[in-house]
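Comments concern the structure below.
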């Protein structure tokens with residue numbers, strides 16, 4: 001492991017973002033070596049500091065804030081204070097990248113929209129994330145993950161057929177939008193380094209979720225706009241045939257992916273599905289076939305079935321809970337965990353950057369900052 005020679009070393013990012021989507025982009029840029037300076041409201045900071053997803057509090061800040069804002073600096077500034085704005089504009093003149101995820105129009109009223117900022121720094125890469133873009137009837141609606149998932153149609157792909165629409169159990173829109181923002185920023189940075197001209201990079205929670213569904217939406221658009229039909233038994237993918245799904249066993253669960261049904265029947269010694277030789281029936285009789293498989297798999301343990309299926313190169317897996325996963329050598333060898341420490345000594349365990357470059361994994365022991373922790377240092381360094 002090495003923390004040297006990260007690809008974005010020397011790049012400075014000003015993060016005018018809060019909550020999840022913008023800070024997720026900043027997190028990945030920081031992991032890859034960029035210097036990320038969070039611009040936070042004095043005394044209040046990023047509102048994500050108080051956005052709790054459990055009852056765990058880490059010395060005044062949520063676990064969510066710490067997960068997303070490690071390895072960053074904090075500069076406290078009131079965007080409505082003219083003196084602070086003067087300092088920020090000087091800082092902008094020396095930065096490479098800005099990210100912001102205010103509601104459309106807010107940053108314009110402050111005077112830090114792209115057109116204003118590029119007059120200060122023509123090379124700036126200006127990343128903007130919204131809920132639904134900056135035009136249209138949804139533009140002023142709250143850019144919140146569950147609401148975006150609900151408007152995108154994604155919730156009709158999860159859960160079993162007949163169930164209520166089911167959201168993903170993660171802030172998928174925020175995290176995807178943050179990562180798409182990184183893609184746009186890095187491609188624009190290449191252009192800026194070659195031409196000296198910056199770019200405005202934009203995405204939204206809705207665009208991110210639509211792209212997330214590009215595979216199934218392309219099918220929908222080209223097969224007569226037929227709505228997806230979730231399997232009513234062990235649904236895992238509305239567009240895939242039997243046996244695709246997760247099945248209960250005698251002592252746990254097993255996942256089975258794309259597999260010819262007759263071959264699976266032969267291996268499982270399940271005669272009732274061997275006769276399904278017509279692949280079209282794997283779709284038209286999906287639930288019937290899956291129910292036959294499911295009832296049979298409950299008669300033996302997960303290990304019993306894995307010992308039969310894995311040597312035959314069937315795509316299958318034991319369904320692990322987090323504690324089981326973390327005890328497994330497959331998890332341990334990836335070395336995904338790291339400990340981070342804040343300036344006041346707060347010690348936290350979290351995950352590392354998932355990207356390896358030249359066989360190096362990137363870890364950094366610096367935890368998320370206290371509000372304004374780096375303000376005075378940055379004022380002196382940049383002569384603000």
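Of note:
- For residue 100, the criteria (1) surrounded by fewer than 21 Cβ atoms within 10 Å (Cβ to Cβ); (2) touching a helix residue (DSSP H, G or I) at 6+ places or on another chain (Cβ under 6 Å) hold in every case but one, which is (1).
- Hey, residue 263 exposed (fewer than 15 other Cβ atoms within 10 Å of the Cβ), modelled with pLDDT of 95 or more and on the phi < 0 side of the Ramachandran plot or not: yes
- Region 337-347 - residue that is crowded, with 18+ Cβ neighbours inside 10 Å and under 21 Å from the mean Cα position of the chain (by Cα) and, of those, nearest to residue 374 (Cα to Cα): 340
Rundown of residues vs (1) touching a residue at least 60 places away in the same chain (Cβ under 8 Å); (2) farther than 20 Å from residue 172 by Cα; (3) more than 16 Å from the chain's Cα centre (by Cα); (4) not assigned by TED's automatic domain parsing to the domain that holds residue 364, yes/no style:
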site: 20; (1), (2), (3), (4): yes, no, no, no
site: 29; (1), (2), (3), (4): yes, no, no, no
site: 35; (1), (2), (3), (4): no, yes, yes, no
site: 52; (1), (2), (3), (4): no, no, yes, no
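- Test result for residue 68, more than 18 Å from residue 378 (Cα to Cα), in contact with a helix residue (DSSP H, G or I) (Cβ under 9 Å, 6 or more places away or on another chain) and either surrounded by 20 or more Cβ atoms within 10 Å (Cβ to Cβ) or not assigned by TED's automatic domain parsing to the domain that holds residue 367 (or both): yes
- Scanning region 233-252 for residues that are surrounded by fewer than 17 Cβ atoms within 10 Å (Cβ to Cβ) and in a strand (DSSP E or B) gives 246, 248.
- Elements of type helices (runs of 4 or more DSSP H) contained in region 80-161, each with 2 or more residues being within 23 Å of the chain's Cα centre (by Cα) and closer than 25 Å to residue 207 by Cα: 145-152
- Filtered residues of region 343-365 (kept if touching a strand residue (DSSP E or B) at 6+ places or on another chain (Cβ under 6 Å) and closer than 18 Å to residue 9 by Cβ): 352, 363, 365
- Among the conditions (1) in contact with a helix residue (DSSP H, G or I) (Cβ under 9 Å, 6 or more places away or on another chain); (2) touching a residue at least 24 places away in the same chain (Cβ under 8 Å); (3) loosely packed, with under 15 Cβ neighbours inside 10 Å; (4) over 30 Å from residue 16 (Cβ atoms), the only one that residue 314 does not satisfy is (3).
- Of all residues in region 185-198, those satisfying the criterion of being surrounded by fewer than 20 Cβ atoms within 10 Å (Cβ to Cβ) and in contact (Cβ under 8 Å) with a residue 40 or more places away in the chain are 192, 196, 197.
- Segments classed as strands (runs of 3 or more DSSP E), wholly inside region 290-368, with at least 1 members that are under 16 Å from residue 251 (Cα atoms): 316-318
- Residue match in region 3-16 (condition: under 19 Å from residue 121 (Cα atoms), in contact (Cβ under 8 Å) with a residue 60 or more places away in the chain and over 22 Å from the mean Cα position of the chain (by Cα)): yes
- The set of residues in region 213-232 that are surrounded by fewer than 18 Cβ atoms within 10 Å (Cβ to Cβ) and either outside any helix (DSSP H, G or I) or in contact with a strand residue (DSSP E or B) (Cβ under 6 Å, 6 or more places away or on another chain) (or both) comprises 213, 223, 224, 225, 226, 227, 228, 229, 232.
The values are calculated or read from the model by the stated rules, or taken from the named source; none is laboratory data. Only a predicted model underlies this, so the values are computations on that prediction, with no experimental measurement involved. In this analysis, Cβ positions are derived from the backbone assuming ideal geometry, glycine residues included, and neighbour counts consider all displayed protein chains.
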